[in-house]
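Values quoted throughout were computed directly from the atomic coordinates according to the rules given, and no laboratory measurement underlies them. This structure is a prediction, so every number in the text was calculated from the model and none was measured. Here the Cβ positions follow ideal geometry from the backbone for every residue, glycine too, while neighbour counts run over all protein chains shown.
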Amino acid sequence: MKELIKKLVETYGPSGNEDKIRQVIQEEIAGLADEVRTDALGNLIARKRGQNGGKRVMLAAHMDEIGVIVTHVDEKGFLRFGAVGGVWPHTLLGGRVVFANGTVGVIGTEKVEDEERNKVIPLEKLFIDVGAVDKTSVPVQIGDVAGFSRPFADMGKRLVAKAFDDRIGCAVLIQTMRDLKKTPHDVYFVFSVQEEVGLRGAMTSAYGIEPEMGLSVDVTLTGDTPEAQTMAVELGKGPAIKVKDGRMLAHPGVKRLLVETAEAIGIPYQLEVLERGTTDATAIQVSREGVPAGCVSIPCRYVHTPSEMVDYDDVTNAVKLLVAMLEKPIIL
Amino acid sequence: MDIVSLLKTLSETPGISGYEDQVRQVIGEVFARYADEVRTDALGNVIALKRGTGKAEPRRSIMLAGHTDEIGLIITRIEQGFLHFTEVGGFDPRVLLGQEVVVHGRRDLPGIIGSRPPHVLPPAEREKTIPLDKLFIDVGLPADEVEELVHVGDLATVRRELTQLKGDFIASKAFDDRAAVAAMAVCLEQLAGMQHAWDVYAVGTSQEEVGLRGAITSAFGLAPDLAIAIDVTFGNQPGLSAAETVEMNKGPAIVYGPNIHPALHDTLVETAKALELPYQVEPAPGRTGTDAWAIQVTRSGIPTALIGIPLRYMHTSVEMVSVKDVERVGRLLAAFIARLDAGFMDRLTWKPAISGEK
């Protein structure tokens, strides 16, 4: 799976600009579904038909990543920018970005006064340098969007990359499609857009699919690093089954189903209570008349930095969990 | 109806957002006494239908919404038998220290909320509210037994029995918004002895405290012609100005503002006057933070009103209401519903304004 993961995380695709990553995923899932379509918002929806009148199940992993958008180009060719999604200014200085056309930029800062040295440099003081000699030689323009640039690193058990949020979820969904040979359910694998700017792809795809159960597959924070937040989730202790996050309480029946499935197949799992942040499941849950919803989370350190870290065993166990859940009848 | 004993049962039954099962069961049984049908939907909304007598098909319908969920606590981490927790909904951290709780583990366990004693606190910290992550629940059991009985993600509710205060007042936990549920029960009971043309959906909504989530889906599913949300509002007390509050035991607060269809507001006021029922008008200049906010923009839009039940000490375990106010809200709702006739929606226009005094 690592090759697939590397390909997914290194592909460009900030929110609203998911064409390239959608193309990559579409190639990866060719032949694995009965129907594949792209909806009006750009969600990639693959349907695997069930045989025996099971449930209509929606699984969502978002393919968009956070990024930056050009707001101004000055006479010397420096770009000012704004955030697309929850960009953390701490992580920007010295970072590299890549635009859709391949243009590379580095992030620099205005002069930092002595008394400001211990503070986070706000976005307004930063700029992107694309190596242009003047305004006319800048190969991008206002409104163009860049993703962060950072190579995938395989540390063996642990993996590091930008955009594990949520390409690791996309990888889990693709591998689940590969491994799921037979299911009674009508399963919709949704590679959603615009999650980072407000769960917008999940909102519309859930409305269109009208699922009877919805699951997101996304990353969650951990409490296992020095002086971390109070949180029981750790890397390598198994996929996390969501109980609560910043905006959603998982359906108790969905949570139970996942716990029982994990116990039945003997994989490790953790229960997740996340105090901030949320996933596509939040939007799925309140679609139309309401959908029992939950989330399988991949524990991830340093979320929304260019060096997000996950544990490979958690990833493969998440696939096992989803496959096992989809092979059996679902009773909530 | 014995409103105090109903409120006692409603308030003392646990039902934290997303886990309203127990209180939903109680509410369903109460509503079923007066309704033609009671059902529960995918998000845990409990929906009672009392059919109207109107002949036109499809019959017009009104949705009443009062939320069933209460704020509570959820375990985030277990360390040496002590339970760290965070809130579900906006619990006031100032009132948690020293509370008794029930931890809903493999079985219910009594617990208490502890923190460091004042003697050892640095002076600067003594002056401040203790943040949630410095509080913990102690259930008194050895660590290994705790880990067996309690898991991360289990819930805890504050333990509190209803106190009958002097005068007309009672205090307990979760009157936000079980007082509204009681008012809906009063309304249904009243309607049992009245003629009403419209179908009435009394909805005990789920997950209001975490983002109006039950109201979003139940309003979508029911697609009513009109809706009235009932929720608690700030009653007068020391430290709050008259502009921020309504008065206790002076009747329902009929809310007015962009979240409210003006003609519905006016009709509620007219109804209160006709009943000679005391009422108050409460302005809400923006978001009301209630189910009304979600219902109003459901589908192609639903004319919505909001009635406030005056309440002191919101989001603590000693929320206080006037029993008479609860009863008045129920009567006002019933009388309003009885007024709804076949032509009501045609008169619900924006211009010219339907007359009515403010």
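Side notes on the structure shown:
- The reciprocal of the average 1/r between distinct C-alpha atoms defines the Kirkwood hydrodynamic radius, which for region B:72-158 equals 13.2 Å.
- Top of A:Val106, A:Val172, A:Val68 by mean-square fluctuation, Gaussian network on chain A, Cα under 10 Å: A:Val106
- In terms of the mean number of neighbouring beta-carbon atoms within 10 Å, the peptides A:234-244, A:279-289 order highest first as A:279-289, A:234-244.
- Enclosed volume per residue, in Å³, of the convex hull spanned by Cα atoms of the protein assembly as shown: 198
- Remark: relative contact order (chain A) = 23 percent; criterion is Cα-Cα distance under 8 angstrom and separation of 6 or more residues.
- Summed side-chain charge close to B:Leu49 - residues other than B:Leu49 whose Cβ falls under 11 Å, Lys, Arg +1, Asp, Glu -1: +1
- Residues considered: B:Val186, B:Val38, B:Val200. Largest GNM mean-square fluctuation over chain B, using C-alpha springs under 10 Å, is found at B:Val38.
- Trypsin sites (Lys or Arg not before Pro) restricted to DSSP loop in region B:1-91 with at most 13 other C-beta within 10 Å: B:Arg33, B:Lys55
- Taking label positions 7 Å along the Cα-Cβ direction at both A:Gln229 and B:Glu161, the computed distance is 3.9 nm, reported to one decimal.
- Each label was represented as a point 7 Å from its Cα along the Cα-to-Cβ direction; for A:Asn52 and B:Gln25 these points are 3.2 nm apart.
- Compared with the alpha-carbon gap, the fully stretched path from B:Glu79 to B:Arg107 is longer by 8.1 nm at 0.36 nm per residue.
- FRET efficiency, B:Ser5 to B:Leu97 (Cβ-Cβ, R0 30 Å, nearest 0.05): 0.45
- Taking the square roots of 5 times each eigenvalue of the Cα gyration tensor of region B:1-125, largest first, gives ellipsoid semi-axes of 41, 15, 14 Å.
- Ordering B:250-260, A:108-118 by mean Cβ neighbour count within 10 Å, with the highest value first, yields B:250-260, A:108-118.
- Net charge over other residues, Cβ less than 14 angstrom from the Cβ of B:Asp108 (K, R count +1; D, E count -1): -1
- By other beta-carbon atoms within 10 Å, ranking B:Asp266, B:Asp41, B:Asp69 with the fewest at the front produces B:Asp41, B:Asp266, B:Asp69.
- Debye-formula intensities of region A:232-325, expressed as log10 I(q)/I(0) at q = 0.12, 0.18 Å⁻¹, are -0.36, -0.81 (one equal scatterer per alpha-carbon, no solvent).
- Here is what passes the span test in chain A: the DSSP H helices with alpha carbon length of 15 Å or more along the helix axis and a Kyte-Doolittle mean of -1.0 or above are A:164-179, A:252-265, A:312-327.
- Packing-based ranking, highest mean first, of A:194-204, A:177-187 given that Cβ atoms within 10 Å are counted: A:194-204, A:177-187
- Semi-axes of the equivalent ellipsoid for region A:67-148, computed as √(5λ) from the eigenvalues of its C-alpha gyration tensor and ordered from largest down, come to 21, 15, 10 Å.
- Nitroxide proxy distance, nm - points 7 Å out along Cα→Cβ at B:Val318 and A:Asp114: 5.4
- Helix B:175-192 and the longest principal axis of the Cα set of chain B meet at an angle near 30°.
- Within the listed set B:Thr267, B:Thr13, B:Thr304, the Gaussian network model of chain B (springs between alpha-carbon atoms below 10 Å) gives the highest mean-square fluctuation for B:Thr267.
- Shielding by partners for peptide B:206-217, expressed as the average number of C-beta atoms from other protein chains within 10 Å of each residue's C-beta, is 4.
- The Kirkwood radius of region A:4-43, taken over pairs of alpha-carbon atoms, gives through the Stokes-Einstein law at 37 °C and 0.692 mPa s a diffusion coefficient of 299 µm² s⁻¹.
- B:Arg339-B:Arg39 FRET efficiency (beta carbon distance; Förster radius 35 Å; 0.05 resolution): 0.85
- For the residues of A:287-296, the average number of beta carbons from a partner chain within 10 Å of their own beta carbon is 4.
- Principal axes of chain A: Cα extent on each, largest first, Å: 65, 43, 39
- Based on alpha carbons, the Rg and Dmax found for region B:188-229 are 12.4, 37 Å.
- Computed FRET value (nearest 0.05) for B:Asp168 with B:Arg287, which takes r as the C-beta separation and R₀ as 25 Å: 0.20
- Taking 0.36 nm per residue of separation and subtracting the Cα-Cα distance, full extension of the segment from A:Ala264 to A:Leu93 would add 56.8 nm.
- Extent along principal axes [Cα atoms of region B:99-245; Å; largest to smallest]: 65, 44, 30
- Computed over region A:221-265, Cα set: Rg, Dmax in Å: 12.2, 34
- The convex hull built on the alpha-carbon positions of chain B has an orientation-averaged projected area of 19.3 nm².
- Number of partner chain Cβ atoms within 10 Å, mean per residue of B:149-157: 4
- Taking Cβ atoms as reference points and 12 Å as the exclusive limit, the residues near B:Gln99 contribute a net charge of +1, counting Lys and Arg as +1 and Asp and Glu as -1.
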